[in-house]
Amino acid sequence: MSAMEELLERHGTVGRQAAASRAEGLPARPALHTVVVTCMDARIDVYRLFGLAPGEVHVLRNAGGVVTDDVVRSLAISQRKLDTRDVLIVQHAGCGLSTFTDDEFAAELVERTGSRPDWRCHTFADPAESVREGMALLRRNPFLVPGMRVRGFVLDLAGFGLAEVDGDGSATAVA
Ligand SMILES: [Zn+2]
């Protein structure tokens, strides 16, 4: 059985019923009015990390958990149409995006495909610096709501502690 077939099998046996029962009666608006932006890393269980239930937050994930144009697009919709206000950016130590550079990956794609991507990878050497850039991008984006509150963190995948990035160069352990 392929992994895709396995997933569809799991959906039919347990997933469908479990997901439906957890979402029953919930409105589309996130109850906590909050968005979590984080990395797609398969080890990060965002729901368990913050003790979340369905219906409480929007979770935006991509490679690195970086603030891309598409994250801004989703945040604008989340805030303007679904009343969210607070944004948590959670990137992590040991991220795959620290293992190569934008130029290296673009060169690899050119070599393999003959085409150069028209998008950036947003790789980073220091996740705290990337979080800081993301927070700054959001704070000066004109399409996001003025009352938005943004906090940024670096997650340690060894103990799953969070170190807050305060925006002026330092990080403080909060858990
Ligand atoms: Zn990552």
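Restricting the range 53-66 to residues that are closer than 21 Å to residue 146 by Cα and more than 14 Å from the ligand (Cβ to nearest atom) leaves a set whose member that is surrounded by the fewest Cβ atoms within 10 Å (Cβ to Cβ) is 59.
For (1) under 18 Å from residue 66 (Cβ atoms); (2) β-branched (Val, Ile, Thr), each residue gets a yes or a no:
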position: 90; (1), (2): yes, yes
position: 98; (1), (2): yes, no
position: 111; (1), (2): no, no
position: 134; (1), (2): yes, no
position: 157; (1), (2): yes, no
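Apart from one condition, residue 22 fits all of (1) open to solvent by 40 Å² or more (accessible area, probe 1.4 Å); (2) within 30 Å of residue 97 (Cβ to Cβ); the exception is (2).
All of 83, 118, 156 fail the test of being closer than 18 Å to residue 39 by Cβ and of a type outside the set (S, T, N, Q), apart from 156.
In the range 93-102 there is no residue that is closer than 30 Å to residue 28 by Cβ and assigned by TED's automatic domain parsing to the domain that holds residue 56. Going through (1) out of contact with any His (no Cβ under 8 Å at 6 or more places or on another chain); (2) open to solvent by less than 30 Å² (accessible area, probe 1.4 Å); (3) within 16 Å of the ligand (Cβ to nearest atom) one by one, residue 45 falls short only on (2). Does residue 38 satisfy the criteria of being of a type in the set (S, T, N, Q), touching a helix residue (DSSP H, G or I) at 6+ places or on another chain (Cβ under 6 Å) and away from the ligand (no atom under 16 Å from the Cβ)? Judged against the criteria, residue 38 is not a match.
The values are calculated or read from the model by the stated rules, or taken from the named source; none is laboratory data. Note that the structure is a prediction, hence the values are computed from the model and not measured. With ideal geometry, Cβ positions are generated from the backbone for all residues, glycine too; neighbour counts draw on all protein chains shown. With ligands, DNA and RNA removed, areas are computed over all heavy atoms of the protein, side chains included. Shrake-Rupley method; radii C 1.70, N 1.55, O 1.52, S 1.80 Å.
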